[in-house]
Every structure is written in C-alpha cells, then in structure tokens.
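All remarks here apply to the structure that follows.
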Amino acid sequence: MAVNSTPILCRFQYDCHIRLFDVDQADDMDAVAAKCAAHIVGRQVASQPDKILRVRRTTDDDNAPPFPRDMTVEAAELTRFEQLDVYFDVA
Amino acid sequence: MALLERSEWYDLARTTNWTPKYATEDELYPADMSDPYGISTEEWETFDEPYKVTFREYVAVQREKDTGAYSVKTALQHSDYYDVADPAYLSMLKMHYGAIALSEYAACQPDARTARFSKAPGMRNMGLFAFLDEMRHGQIQLWFPHALVRKDRQFDWAHEAQHSNNWAVLSGRHLMDDVMMTRDVPTCAIMLSFAFETGLTNVQLVGLSEDAAKVGDHTFSNLITSIQSDEARHAQIGTPVIEIMVRNGKKAEAQQALDIAFWRVWRVFAILTGVPMDYQFPLEKRAMSFKEYMHEFVITQFQRQILDVGLDRPWYWDHFLDDVENHHHCQQCGIWSWRQTVWWNPTAGVGPREREWLEEKYPGWNASFGTYWDVVIDNILNGRDELAWGDSMTAVCNMCQIPISHRPGPEWRARAHQLDYEGRRYSFCTPVCKWIFGTDPVRYKDHHSIVDRMYSGEIEPPTFDNILKYMGCGEVSEGGRDAHDYAWIEAYRTQPQAAE
C-alpha cells in the first residue's frame, strides 16, 4: 500500500458485495467513484451511462449527504476501512 | 458362561469416577478444561447418553462400516464414473473434501479432551468413541479422494486445503478453532455436538448421501452414510450437557454457547450445502431447494429440539430466516465471480431453466440476484470473458471470514457492520457476527482476516496475483474456472428471450 493511500470499503449501489479499494489522499470523490466503478460496473452491476456517481459516508439510515464531487479524500478525513456508499445520481 | 445383557452391567461399567488421593479434584479436572460453570461432580455423574454402545459393539460395528465403504470403493474403482460425471458434481466433491477431511481429523482433539477431562464418566466414554469416529472420518475422506488425484490435481486439496491460507479455509478454520479447538468440555459439547452436529450437519449428511446416490456416485454415497451413522451417535453428547446446565442454573451460559455456535456454523454450512443443493446438483435430480430443506429439518425440527432441552431459540432468529433466503445465493455470486480463488471449478447454475427454478423457489430471485447474473451473462454472450471475473478484493467479515455480501439489485442490502476496538476497525457481515465479537473481544481481537493480512505486510505487495499465491491458488493446483467452460450460455443463444 502506498504511503498516501487509504483502504476504504465500497458499498456500490445494486452490488452484492462490499468491496475493498485503496484510494489516494489526493483523490477527489469523482476519482474515488471511478476507481470503484472500474472493477464493478459492467462486471456485476449494469452500467448507467446517463448517470453520474456520487459518494457519501455509509450510515444506518442511508441519508448522509453526498461529498462535494471535488472534495479530496484528505479533506473528507476518510479513515482506514471507512465504509462509503457509491451510488448513481442524475447528471 | 452366559453373558449378561448389556443393560444389566452398562451403568456399573461406566461408573468410573473415583476419589483422588494423590491429586486434588481441581488438579485432576481443571475448571478451564472440565467445567468453568462450577457444577458439582455429582450432577455431572447424572449424564446419561441417549445412545448407548459398548466398546465391543463399537469395534464390531465400525469394522463392518469400514468394510462396507471400502468394499464399494474397491468394487467401483475401475468404473469410469469420475471420468464422465458432471463437472459441477465433481466440484462439489472437491469442495467437500477440501473443507471437511482434515476438519474431521482436527475434531479428534475436542473429542479426546472430552474423553480425558469430562467430569461425567458416561460422557468420557462417548468422547472416546467420538474421537475414534473422527479419526476414521479423517482417514476415509483423505483416502477416497487420493485415488482421484491422478485424474484431477484439484482433488489434492482434500489434504492441502487446511494447510493453506485460502480464504475459504481461513473461514472454516476460524470457525473450528472457535467452537471446538479452544473451548472447555461442556461448552464444546453444546457448540460442536448440539449446535453443529445435531442442529445442522447430521441430517444434512443423510440428504447428501441420497443426492450422491441419485447422480450415480455410490462410492461417495456409501462413504457419507458410513460417516453419518457415527455422527448420529456422537451428536447426542450435547443434549444431556445442556439439561444438566439448565437444571443447575446455567441456562444463560448454555444459551450463549448455542447462539454463538449455531450462527457460526450456519454461515459456513450454508455455503457447503446451500450452494450444491441450489446450483451444483443437476436440476432434474433436485428433491428440494436448500430453503425447503432448512425449513423442514432445521427451522422446524431443530427449533423443537432447542425448546425441548430447555433453551430458547437464538435471539437472532429473524436474521437467520433472512440469511436462509440470501446468504448462499450471495456466496454463489462471489464464488463463481472470484472462481480463481477456490480449488474447485464452480458452476454458474443459472441457465434459463435453472433461473426459472430459482425464481419459483425464491420469489424475487430474478429481480435481485438475477440483475447480477444478467451482467455476467451479457459479458459472456458478447465475448467479454475478461469482464466475467472478479478482479479486486471484497471486504471480509472479521468473524466468519466470509466476503461481506447481501441481496443485490434495487434492494441493495450489502453493508458492513463495523466497530472500533482498541484502535482497530473491525468489519462484520451481519449484526450477529458483530454481536459474537462483543461477547468476548479478547478472544477474537487479534485474528487477522485475509484483508488485514494485505495491510499488515504479510502479503507483500498486496497485489491480486500475490493474494492468489498467498492463498495457494496456482501452487497446489490451478484455481477454479467455470465448471462447464461456459457451455450453459448456449441456452441463452438459442433462447435469447430467456436472458431478458
């Protein structure tokens, strides 16, 4: 694992599994979503080309607001093995 | 000289407790091995096994069983059955042998512990017989697949699996270490004998033997029947233990032991039994779905047994019923997609006819699990094989060590249940696995899952290829591929509407 990377758990909308990915501190949320999607969308979850992907913290009631798309992992203060929802949203 | 009837001498012959003169009672039977619950020796001496057997009878019967099983194997050794058997069925055999053979051998240890440390003389006898049972089960389930290694190297995992760090093995080993290798005698009796064997595996072996016979594998069928008849006996060690504990004010402790073990065993059992029943066995040979089996033999019958011994059904019963609907389907998705991580060749089991059956047995399957397989099928149909494989890691439960998964599709129910303990973050598949951790964090906190090992330096660098190597894939034999090399996809080409 690179010094500046953080392992996160990805809860990707419609997926069956919780995934594990390394994200960089400098990654913004679009980059985080893209890193996750590269291994999921078109493999086990159908693509939705007319939608964008948003990222939010996983919470018990699934109502956390999405992170701003340009917010970095560092700014969001994501911690090791933090669980994130990655979900489709209107463009 | 006329022999006495067994009933005339059996009770006397097993009354073998004595008053120690050269050691104290506590030295002879340390509490952490024999009884951490402080129940009197007199109470333990009331242990009365329902199934009685003498050593002479045991030896005679076991000899007969071994002769029967080995005779069938010898008689059929020149048959070409294993050359022509359905690859999905062979995969079930490989999965079974790798998961079970050395686990049976390991089970000798708790049974030997019972034979030495139980304060109940009758239980010591039963423990000794169980120890000999498990030794036989280990031997026979290594010997039978050994003959198949020359046909298919993946059968070598019957012996190798438990010496590896394959993710599926880590799961089974964590379970076995918890419920049978590291528990005192009475707790182990509840966890192994009652929750594990009475609750789940004993009846399952009957079904497995019948299913093997249906597909023409009389060698394996006889092997399993031979094992099941032992299990039916030693599975009865737990019931009198629970009755003694309940009678002596230790119901809460017995209940907790049951609740922990039943869930832990269930999580692995569902993969080893549910996946074969609903995906690996040929459609026309299936007598019932896994869910139907669970409702008839476990949810109804075992629940009755739990109540009969004076305990309550586990607190998480609703979670359990939900898991019966979902868990093995999730793991089938994962095992097939990450088939390079296992030692057998998983079958997809999702051709058009199979999907109709799954939808009938599990209403809503197509709208949830079907969405997952739709993407897979579309990729294979269109020649995108490279996308029909998992290529990254899933999160793994820090208790059951199984990939954290739940129903896919619109319901989107997968979720890690997390907690922080002494500065470390733990992730669990369900509230139940999280609860088990909370019952004794010191017991569980230091174990590293395969995911933890990626970040502890044990797998360095933690690339996917290195992880496969660490798990033994490509070392003992090649990892899995689709059991039928995608032949099942042809049904979608000839019936395109079926894929819609």
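The values are calculated or read from the model by the stated rules, or taken from the named source; none is laboratory data. Bear in mind that the values here come from a model prediction, so they are computed numbers and not experimental data. Don't worry about glycine lacking a Cβ; one is built from the backbone with ideal geometry, like all the others, and counts go over all protein chains shown. Just so you know, the surface numbers come from the protein's heavy atoms only, side chains and all, with ligands and any DNA or RNA stripped out. Shrake-Rupley method; radii C 1.70, N 1.55, O 1.52, S 1.80 Å.
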Has the stretch A:15-34 got at least one residue that is in a loop (DSSP other than H, G, I, E, B), within 14 Å of chain B (Cβ to nearest Cβ) and touching a residue at least 40 places away in the same chain (Cβ under 8 Å)? no
Yes or no: the stretch B:390-398 includes at least one residue that is of a type outside the set (S, T, N, Q), open to solvent by less than 10 Å² (accessible area, probe 1.4 Å) and facing chain A (nearest Cβ under 7 Å). yes
Sort through B:A130, B:A75 and tell me the only one that's hydrophobic (A, V, I, L, M, F, W, C) and surrounded by fewer than 22 Cβ atoms within 10 Å (Cβ to Cβ). B:A75
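With on the phi > 0 side of the Ramachandran plot and not basic (K, R) as the only criterion, which of B:E422, B:E411, B:E490 stands out?
B:E422
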Members of the stretch B:341-354 that are open to solvent by 30 Å² or more (accessible area, probe 1.4 Å) and either outside any helix (DSSP H, G or I) or among the acidic types (D, E) (or both): B:E354
Output yes when any residue across the stretch B:110-118 is at pLDDT 95 or above, touching a Lys or Arg at 6+ places or on another chain (Cβ under 9 Å), β-branched (V, I, T) and open to solvent by less than 60 Å² (accessible area, probe 1.4 Å), and no when none is. yes
Of the conditions (1) more than 14 Å from the chain's Cα centre (by Cα); (2) open to solvent by 20 Å² or more (accessible area, probe 1.4 Å); (3) not polar (S, T, N, Q), B:A257 clears all except one; give me its number. (2)
Give me a count of the residues in the stretch B:1-43 that are touching a residue at least 12 places away in the same chain (Cβ under 8 Å), among the polar types (S, T, N, Q) and open to solvent by 60 Å² or more (accessible area, probe 1.4 Å). 2
Residues satisfying the stated conditions in the stretch B:178-218, i.e. assigned to a helix (DSSP H, G or I) and among the small types (G, A, S): B:A189, B:S193, B:A195, B:G199, B:G207, B:S209, B:A212, B:A213
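Could you run through the stretch B:462-475 and say how many residues are over 16 Å from B:D391 (Cβ atoms) and either at pLDDT 90 or above or crowded, with 20+ Cβ neighbours inside 10 Å (or both)?
Residues meeting the conditions: 2.
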Checking B:R384 against (1) within 11 Å of chain A (Cβ to nearest Cβ); (2) buried (at least 18 other Cβ atoms within 10 Å of the Cβ): exactly one of these is not met. Which one? (2)
Among the residues that make up the stretch A:48-69, is at least one of them surrounded by 21 or more Cβ atoms within 10 Å (Cβ to Cβ), in a helix (DSSP H, G or I) and not aromatic (F, W, Y)? no
Residues in the stretch B:321-340: is at least one more than 14 Å from chain A (Cβ to nearest Cβ) and in a loop (DSSP other than H, G, I, E, B)? no
Could you tell me how many of the residues in the stretch B:411-431 are assigned to a loop (DSSP other than H, G, I, E, B) and under 19 Å from A:R57 (Cα atoms)? 8
Within the group B:P408, B:P462, which residue is closer than 30 Å to B:D86 by Cα, within 12 Å of chain A (Cβ to nearest Cβ) and part of a loop (DSSP other than H, G, I, E, B)? B:P408
Using the structure shown, decide if B:W435 is aromatic (F, W, Y), more than 8 Å from every other protein chain (Cβ to nearest Cβ), assigned to a helix (DSSP H, G or I) and in contact (Cβ under 8 Å) with a residue 60 or more places away in the chain. yes
